[in-house]
Amino acid sequence: MKSLLIIAASAASAGLLVPTLAEARTNPGYEQVSKTVRYHDLDLTTAKGLAVLDRRIGAALREICGDPDQRDLAFSAASRECISGGRDDVSREIRFAVRQAQVRKGSA
């Protein structure tokens, strides 16, 4: 099955967020959270397919990291950092999935 594993880190208590997995691994107060994003129904060789995947990844990260559009400025900043870190963490997987789609389609 074609899917990406989105991983981010969130605090086990107090609703705080962490921007990177590296910090979660070294800080016992945080836990690693993951969510699977499926893309088997998308053509990753098209702009439309990539846009849909991007929206799915964004939704998964907002679910894990929280909505950055909160009135609490500290939470909002932490949420944006968590989302950014999650996107960075999954970018390699996305490039690999796109490359595989291009090879299968013969447009490599």
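Just a few scattered comments:
- Contacts under 8 angstrom Cβ, first residue in region 30-50 being closer than 11 Å to VAL98 by Cβ, partner acidic (Asp, Glu) and surrounded by fewer than 17 Cβ atoms within 10 Å (Cβ to Cβ), 6 or more apart: GLY49/ASP43
- The residues in region 57-102 that are out of contact with any Pro (no Cβ under 6 Å at 6 or more places or on another chain), surrounded by fewer than 18 Cβ atoms within 10 Å (Cβ to Cβ) and not aliphatic (A, V, I, L, M) can be counted, and the count is 20.
- The set of residues in region 29-41 being under 18 Å from LYS105 (Cα atoms) and either of a type in the set (S, T, N, Q) or at pLDDT 90 or above (or both) consists of ASP41 alone.
The values are calculated or read from the model by the stated rules, or taken from the named source; none is laboratory data. All values reported here derive from a predicted model rather than from experimental measurement. Cβ atoms come from the backbone with ideal geometry, glycine included; neighbour counts cover every protein chain shown.
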